[in-house]
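Trainee: Quick one: this structure, given as structure tokens, is what I'll be asking you about.
The values are calculated or read from the model by the stated rules, or taken from the named source; none is laboratory data. Being a predicted model, the structure only gives us computed values, none of them experimental. Heads up, the Cβs are rebuilt from the backbone with ideal geometry, glycines too, and the neighbour counts pull from every protein chain shown.
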Amino acid sequence: MAIKQKKPILIPILGLDVSSPAEYIDNRATPNCQNVQISHNEISKRIGTSLIGANLGERILAGREFTVEGSKYVIRIGLTKVELLNISTNTWVDITGTALTGTDSDRVYTAVPILIDERVIVFTNGIDNIRKYTSLGNTSDLGGSPPKAKFIQEYGDYLLLAYVYDSGLDLPMRVQWCDTGNIEEWVSGNAGYVDILEDGQNITGLALYGSYLVVHKENSIYVGYPISSAEVFQFDRKSTEVGTICQATIQNLPTGEQIFLAKDGLHLFNGNTAPAIESSIQDELRTTINPAYINKCWSIVCVELDEYWLGVPTGSNTEVDTVYKFNYKTRQCYKDYRLNTTCAFTYTKNTNISWDDEVGTWDEATGRWDDTTLSALAPIIIFGDKDGNTVQRYANYNDNGVAIDAWWESKEFEADEKGRLARWLGMRLWAKGSGITTDYSIDGGNTWVTIETSVLSGDYPSDSSPLKLYFDILSTKIRFRFRNNTIDENFTFKQFIPEYINRELT
């Protein structure tokens, strides 16, 4: 007599694993997923976005929050315009001054140095004069006639530039700094520069790392620091054999590491070496990214999820469409789909989320009302896009009014012996939220058949009374997909158990 078997899928849930055919990966891993988040060992539809203010009318290239005498300011920078966010009214105010003249391919980078005992924001696109905004009036050229530069970074009492354009000359290996304590003095005092010529490569990035400044090249990283001599700064080359290929991908993690995109995938710099992250996602990243548009990549750290997000254009796409999410605590990776996003940055809320800001019914909510992500002082991630929209990641399950298509696929399950037919009879599922559609595939995910769309509640079913899904399929292997693509709906699930009966060997 045939005996019904079960395949318990236990927590914790693992991430993307494309290292092997799907029948060989861990039961808890996934060969594919989109727009889900993993928290407390549960899989959920990710949080959506809502519009902030009016459309800029052109591509948004960068944004930044900075604080002046306790007051927060947020600006967004477009191809030709610059606007300031009125946080209390959620509206944007023009502060352009002189229009910018860059193109889609000219990235904008920002820094927040001190000018006359007050924090200001400065920005560069490598084409126009370096600009500043002091929280008053419009933007204007930074004083002292500094050279133009591709990269810019505050560091203590200094403002540093890298990949410099000066008097008609391209100086891609130069790092230049202002006088001590005066970002508008570039000739006298301690103002100076150094050309990092050791390896003959151009500078590809400039960033802080702890108490140091780091200069990236494609195959090396230099650590810089001030010295008490006429040279002012010293830069030591580290034997990393790798550096970033896009400045916008550099982020410092709470783990004490600096993560960045190199030509062979993601790497973690620890001050001396920069090993690649140990994830099978590296192969997918290398083979799917569009190398002609690397300069359009962006990154952000989502602190509440312990994740680093990397936006990349894939395939033939010329704009970012895929976001790879690396959890720097669990070392697992996932991915989202965010078409046409051009930048990401954070700002801090002044007030808690209100009751009316929540979407859906109380029973459908899968998060906690007192979660820190909803409180004042929580960092909110803002995305800009090529069409001029600015949206914030905040308290709903749609992307600017459009339903989020979220799904997670299981591995390929087989009977007890490889090649043996199995009669797949059903599944037990523990899920909550609004609704979830469960599909199966017996051809490696090429085609899918819907088993059932389940209406969920705000609580998980009891251990003894899970959702029961019934089907009757004869196959050597099977995979499952859990999906929701409905506006204002969400799901969370923590466990599923397929049931089957072994049949004869094929």
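Trainee: Restricting to the range 430-457, give me the number of residues that are within 30 Å of residue 419 (Cβ to Cβ), out of contact with any Ser or Thr (no Cβ under 7 Å at 6 or more places or on another chain) and either free of Cβ contacts under 8 Å to residues at least 40 places away in the same chain or part of a loop (DSSP other than H, G, I, E, B) (or both).
Mentor: The number of residues fulfilling the criteria is 5.
Trainee: Considering the range 307-352 alone, what residues qualify as being farther than 22 Å from residue 18 by Cβ and in contact with a strand residue (DSSP E or B) (Cβ under 8 Å, 6 or more places away or on another chain)?
Mentor: Pass one, the range 307-352, residues farther than 22 Å from residue 18 by Cβ: 318-319, 340-352.
Selection gives 319, 340, 341, 342, 343, 344, 345, 346, 347, 348, 349, 350.
Trainee: Continuing with the same structure: State whether the residues of the range 141-158 include one that is out of contact with any Phe, Trp or Tyr (no Cβ under 9 Å at 6 or more places or on another chain), within 19 Å of residue 208 (Cβ to Cβ), modelled with pLDDT of 95 or more and crowded, with 17+ Cβ neighbours inside 10 Å.
Mentor: yes
Trainee: Name the residue that is farthest from residue 106 (Cα to Cα), counting only residues in the range 239-280 that are surrounded by fewer than 14 Cβ atoms within 10 Å (Cβ to Cβ) and touching a helix residue (DSSP H, G or I) at 6+ places or on another chain (Cβ under 8 Å).
Mentor: Here the residue is 254.
Trainee: Something else about it: Which of the following residues is surrounded by fewer than 21 Cβ atoms within 10 Å (Cβ to Cβ) and assigned to a loop (DSSP other than H, G, I, E, B): 67, 101? Before the answer, list the steps.
Mentor: Working: 67 fails: assigned to a loop (DSSP other than H, G, I, E, B).
So the residue among 67, 101 that is surrounded by fewer than 21 Cβ atoms within 10 Å (Cβ to Cβ) and assigned to a loop (DSSP other than H, G, I, E, B) is 101.
Trainee: Within the range 425-437, track down each residue that is in contact with a strand residue (DSSP E or B) (Cβ under 6 Å, 6 or more places away or on another chain) and buried (at least 22 other Cβ atoms within 10 Å of the Cβ). Walk me through how you get there before you give the answer.
Mentor: Initial filter on the range 425-437 (in contact with a strand residue (DSSP E or B) (Cβ under 6 Å, 6 or more places away or on another chain)): 425-433, 435-437.
Once the filter is applied, which keeps residues that are in contact with a strand residue (DSSP E or B) (Cβ under 6 Å, 6 or more places away or on another chain) and buried (at least 22 other Cβ atoms within 10 Å of the Cβ), the range 425-437 yields 427, 429, 431, 432, 433, 436.
Trainee: Could you check residue 413 against (1) more than 27 Å from the chain's Cα centre (by Cα); (2) modelled with pLDDT of 80 or more; (3) loosely packed, with under 15 Cβ neighbours inside 10 Å and say which number it fails?
Mentor: Of (1) more than 27 Å from the chain's Cα centre (by Cα); (2) modelled with pLDDT of 80 or more; (3) loosely packed, with under 15 Cβ neighbours inside 10 Å, only one is false for residue 413: (3).
Trainee: Hey, any hits in the range 239-248 for a residue that's aliphatic (A, V, I, L, M), more than 25 Å from residue 62 (Cα to Cα) and assigned to a loop (DSSP other than H, G, I, E, B)? Give the derivation first.
Mentor: Quick first cut of the range 239-248, residues aliphatic (A, V, I, L, M) only: 242, 245, 248.
Still in the running and more than 25 Å from residue 62 (Cα to Cα): 242.
Filter once more, keeping what is assigned to a loop (DSSP other than H, G, I, E, B): 242.
Yes - at least one qualifying residue is present in the range 239-248.
Trainee: Counting only residues that are surrounded by fewer than 15 Cβ atoms within 10 Å (Cβ to Cβ) and of a type in the set (A, V, I, L, M), how many does the range 198-228 have?
Mentor: Going through the range 198-228 one residue at a time, the tally reaches 1.
Trainee: Let me ask something else about it. Suppose we filter 95, 87, 114 for residues that are surrounded by 14 or more Cβ atoms within 10 Å (Cβ to Cβ), touching a residue at least 24 places away in the same chain (Cβ under 8 Å) and over 22 Å from residue 52 (Cα atoms); which single one remains?
Mentor: On the way: 95 fails: over 22 Å from residue 52 (Cα atoms); 87 fails: over 22 Å from residue 52 (Cα atoms).
Just a single option satisfies the conditions, and that option is 114.
Trainee: Here is a further query. All but one of (1) over 28 Å from residue 245 (Cα atoms); (2) of a type outside the set (A, V, I, L, M, F, W, C); (3) surrounded by fewer than 17 Cβ atoms within 10 Å (Cβ to Cβ) hold for residue 133, so report the exception by its number.
Mentor: In the conditions (1) over 28 Å from residue 245 (Cα atoms); (2) of a type outside the set (A, V, I, L, M, F, W, C); (3) surrounded by fewer than 17 Cβ atoms within 10 Å (Cβ to Cβ), residue 133 misses (3) alone.
Trainee: Can you say whether residue 107 is in a loop (DSSP other than H, G, I, E, B), touching a residue at least 12 places away in the same chain (Cβ under 8 Å), within 21 Å of residue 320 (Cβ to Cβ) and basic (Lys, Arg), as far as the supplied structure shows?
Mentor: Values: in a loop (DSSP other than H, G, I, E, B): yes; touching a residue at least 12 places away in the same chain (Cβ under 8 Å): yes; within 21 Å of residue 320 (Cβ to Cβ): yes; basic (Lys, Arg): yes.
So residue 107 passes the test.
Trainee: Moving on. Could you check how many residues of the range 217-230 are assigned to a loop (DSSP other than H, G, I, E, B) and under 21 Å from residue 151 (Cα atoms)?
Mentor: The number of residues fulfilling the criteria is 2.
Trainee: Could you tell me which of the residues 195, 179 is at pLDDT 95 or above and loosely packed, with under 14 Cβ neighbours inside 10 Å? Full working, then the answer.
Mentor: Details: 179 fails: loosely packed, with under 14 Cβ neighbours inside 10 Å.
From the options 195, 179, the qualifying one is 195.
Trainee: Could you please give the count of residues in the range 244-264 that are polar (S, T, N, Q) and without any contact (Cβ under 8 Å) to a residue 24 or more places away in the chain? Spell out the reasoning first.
Mentor: Within the range 244-264, the subset polar (S, T, N, Q) is 244, 247, 249, 251-252, 255, 258.
Adding the requirement that they be without any contact (Cβ under 8 Å) to a residue 24 or more places away in the chain leaves none.
So the answer is 0.
Trainee: Restricting the search to the range 153-171, which residues are of a type outside the set (Asp, Glu) and closer than 15 Å to residue 116 by Cα?
Mentor: Start the filter on the range 153-171 by keeping residues that are of a type outside the set (Asp, Glu), which leaves 153, 155-156, 158-165, 167-169, 171.
156, 158, 159 - these are the residues of the range 153-171 that are of a type outside the set (Asp, Glu) and closer than 15 Å to residue 116 by Cα.
Trainee: Between 443, 399, 416, which is within 30 Å of residue 348 (Cβ to Cβ) and acidic (Asp, Glu)? Working first, answer last.
Mentor: Values: 443 fails: within 30 Å of residue 348 (Cβ to Cβ); 416 fails: within 30 Å of residue 348 (Cβ to Cβ).
Checking each option against the conditions leaves just 399.
Trainee: May I ask you to say which residue of 312, 320, 301 is touching a helix residue (DSSP H, G or I) at 6+ places or on another chain (Cβ under 9 Å), surrounded by 15 or more Cβ atoms within 10 Å (Cβ to Cβ), aliphatic (A, V, I, L, M) and more than 27 Å from residue 199 (Cβ to Cβ)? So that I can check it myself, show each step before the final result.
Mentor: On the way: 312 fails: more than 27 Å from residue 199 (Cβ to Cβ); 301 fails: touching a helix residue (DSSP H, G or I) at 6+ places or on another chain (Cβ under 9 Å).
Among 312, 320, 301, only 320 is touching a helix residue (DSSP H, G or I) at 6+ places or on another chain (Cβ under 9 Å), surrounded by 15 or more Cβ atoms within 10 Å (Cβ to Cβ), aliphatic (A, V, I, L, M) and more than 27 Å from residue 199 (Cβ to Cβ).
Trainee: Moving on. For a quick check of your reading of the model, give me the residue pairs whose first member lies in the range 206-226 and is within 16 Å of residue 249 (Cβ to Cβ), whose second is hydroxyl-bearing (Ser, Thr, Tyr), with beta-carbon atoms closer than 7 Å and at least 6 apart or on different chains.
Mentor: Partner pairs satisfying both residue conditions: 208/155; 214/222; 215/222; 216/204; 216/244; 217/204; 218/204; 221/240.
Trainee: Within the range 36-43, does at least one residue satisfy the condition of being more than 21 Å from the chain's Cα centre (by Cα) and either at pLDDT 95 or above or farther than 30 Å from residue 100 by Cβ (or both)? Walk me through it before giving the result.
Mentor: Of all residues in the range 36-43, those more than 21 Å from the chain's Cα centre (by Cα) come to none.
For the range 36-43, residues more than 21 Å from the chain's Cα centre (by Cα) and either at pLDDT 95 or above or farther than 30 Å from residue 100 by Cβ (or both): absent.
Trainee: List pairs: first residue in the range 412-424 and within 20 Å of residue 31 (Cα to Cα), second residue outside any loop (DSSP other than H, G, I, E, B) and of a type in the set (S, T, N, Q) anywhere in the structure, Cβ distance under 6 angstrom, at least six positions apart or on different chains.
Mentor: Cβ pairs passing all conditions: 415/502.
Trainee: Condition (residue is under 26 Å from the mean Cα position of the chain (by Cα) and without any contact (Cβ under 8 Å) to a residue 60 or more places away in the chain) applied to the range 44-55: is it met by at least one residue?
Mentor: Going residue by residue through the range 44-55, those that are under 26 Å from the mean Cα position of the chain (by Cα) are 44-55.
Add one more test, that the residue is without any contact (Cβ under 8 Å) to a residue 60 or more places away in the chain, and what stays is 54.
Yes - at least one qualifying residue is present in the range 44-55.
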